[in-house]
1. Would you call B:L65 over 30 Å from B:A171 (Cβ atoms) and touching a residue at least 40 places away in the same chain (Cβ under 8 Å)?
2. Pull up the range B:33-47, narrow it to residues that are in a helix (DSSP H, G or I) and more than 14 Å from the chain's Cα centre (by Cα), then point me to the one that is surrounded by the fewest Cβ atoms within 10 Å (Cβ to Cβ).
3. Name, by its number, the condition in (1) surrounded by fewer than 23 Cβ atoms within 10 Å (Cβ to Cβ); (2) at negative phi; (3) modelled with pLDDT under 90 that does not hold for A:I49.
4. Give the residues of the range B:109-120 that are in a helix (DSSP H, G or I) and either farther than 18 Å from B:S8 by Cα or facing chain A (nearest Cβ under 8 Å) (or both), sorted by residue number.
5. Could you list, in sequence order, all residues of the range A:123-134 that are over 14 Å from A:L29 (Cα atoms) and either among the acidic types (D, E) or surrounded by fewer than 23 Cβ atoms within 10 Å (Cβ to Cβ) (or both)?
6. Have a look at B:V89, B:V50, B:V61 and point out the one that is surrounded by 14 or more Cβ atoms within 10 Å (Cβ to Cβ), assigned to a helix (DSSP H, G or I), of a type in the set (V, I, T) and modelled with pLDDT under 80.
7. Looking at the range B:157-179 only, could you name the residues that are closer than 17 Å to B:A40 by Cα and away from chain A (no Cβ under 14 Å)?
8. May I ask you to say which residue of A:F144, A:F107, A:F124 is within 11 Å of chain B (Cβ to nearest Cβ), in contact with a helix residue (DSSP H, G or I) (Cβ under 8 Å, 6 or more places away or on another chain), on the phi < 0 side of the Ramachandran plot and not charged (D, E, K, R)?
Amino acid sequence: MAIEQRDAPAADDLLKGLWRENPVFVQLLGMCPVLAVTNSAINGLSMGIATLFVLVLSNTLVSLLRRAIPREVRIATFILIIASFVTVVDYLIQAVSLELHKSLGAFISLIVVNCLILGRAEAFASRHGVSRAVLDGLGMGLGFTFALLCMGAVRELLGSGTLFGVAVLPDAFQPWVVMVLPGGGFFTLGALLLLINHMQARRAASAIPVEQA
Amino acid sequence: MNDASLWSVFINASLVNNFVLAYFLGICPFLGVSGKLATATRMGAAVTFVMLVAAGSAYAVNLLLEWAGVPYLRLICYIVIIASTVQFVEMLVKKLSRALFRALGIFLPLITTNCAILGLALFQTNREYDLAQSLVFALGAGAGFTLALVLMAGIREKLELASVPDVARGAAITLMVAGILSLSFMGFAGLGAG
């Protein structure tokens with residue numbers, strides 16, 4: 001913790017989203033896609049990258065226009081900017097892989113209402129310069145992608161015994177079908193949050209004696 | 001054109017493919033507003049109302065966009081419709097009933113960023129529902145959302161009294177409960193298919 005704080009602000013803008021302020025595990029933002037599209041690792045990864053792309057672009061544009069946007073209509077403007085980039089991503093994915101577009105379905109369009117993106121536009125990009133806003137978007141986006149990949153990998157491994165479509169578990173393994181069903185999304189995220197809470201509680205417990213000494 | 005009967009559209013949207021528990025739409029209010037039973041009911045009512053108005057307007061605007069040949073503007077138009085519908089509903093409720101306005105409070109403006117509404121508009125377009133089907137779909141989705149929210153609020157009120165390990169307090173235990181709820185809703189699979 002202490003080492004991170006001594007780092008230059010630029011590095012901190014990038015790093016804070018990865019773990020310390022991870023949008024999913026710590027801030028609990030953008031839950032809908034986290035639960036909905038993570039039934040396989042590849043779906044989670046592509047959704048994460050699509051969100052990362054929109055987040056960086058919208059942060060850049062919001063930061064560039066931050067002095068031109070009137071305060072009263074800023075939220076509406078942010079949403080319009082985000083919706084434009086999401087439309088671009090939607091058509092881009094359709095062009096690259098129709099199969100992926102089908103499996104992600106309406107959730108690509110639903111990136112518009114991902115509170116993470118609007119939250120970063122409002123809380124960070126509209127108050128900082130372009131370079132810091134890009135780094136922030138990159139960090140938060142990577143943190144989000146990391147979380148989605150974790151969820152997708154766990155669910156795919158337990159639910160169908162594969163990882164990125166390659167069988168990794170022996171044939172004797174009986175897949176837990178529940179993990180790829182909707183309920184499994186809730187269970188996996190709940191279990192991951194338990195693990196993270198536990199790790200933080202242990203870290204806090206071990207940090208106290210050090211500070212006293 | 002989709003030829004599903006109105007009844008099956010309703011059952012499908014409210015129970016079989018519940019928006020919250022099967023499609024994961026509207027998770028934020030589901031986790032955020034489900035602490036108390038009274039607020040959950042009001043939030044559900046407000047969302048259902050906005051869904052109905054948004055479904056009707058989205059249907060009309062989609063026809064207009066198709067006619068003008070600019071379907072790529074759909075997403076931007078939908079989000080603007082939803083934002084203005086919410087604004088309009090807020091003004092209307094304020095004018096008609098001060099008591100209801102005060103009861104709904106902050107929940108009204110928050111509905112704009114509820115992905116269940118945008119999801120509803122997108123689904124009805126993808127499935128090519130006609131106007132009557134769209135409205136019934138909105139009603140069913142709203143009823144399903146309210147049902148999930150009220151069930152969750154009831155469980156969480158009881159959970160307050162239970163002794164939960166410190167690590168699991170807050171979001172973790174709520175998600176586990178939601179998972180079990182989602183599993184039980186799978187029992188509805190196949191209903192209303194005929």
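The values are calculated or read from the model by the stated rules, or taken from the named source; none is laboratory data. These numbers come from a predicted model, not from an experiment. Glycine gets a Cβ as well: all are built from the backbone with ideal geometry, and neighbour counts include every protein chain shown.
1. no
2. The qualifying residue surrounded by the fewest Cβ atoms within 10 Å (Cβ to Cβ) is B:A38.
3. (3)
4. Residues satisfying the conditions are B:P109, B:L110, B:I111, B:T112, B:T113, B:C115, B:A116, B:I117, B:L118, B:G119.
5. A:F124, A:S126, A:R127, A:H128, A:G129, A:V130, A:S131, A:R132, A:V134, listed by residue number.
6. B:V89
7. B:E157, B:K158, B:E160, listed by residue number.
8. Every option except A:F107 fails the conditions.
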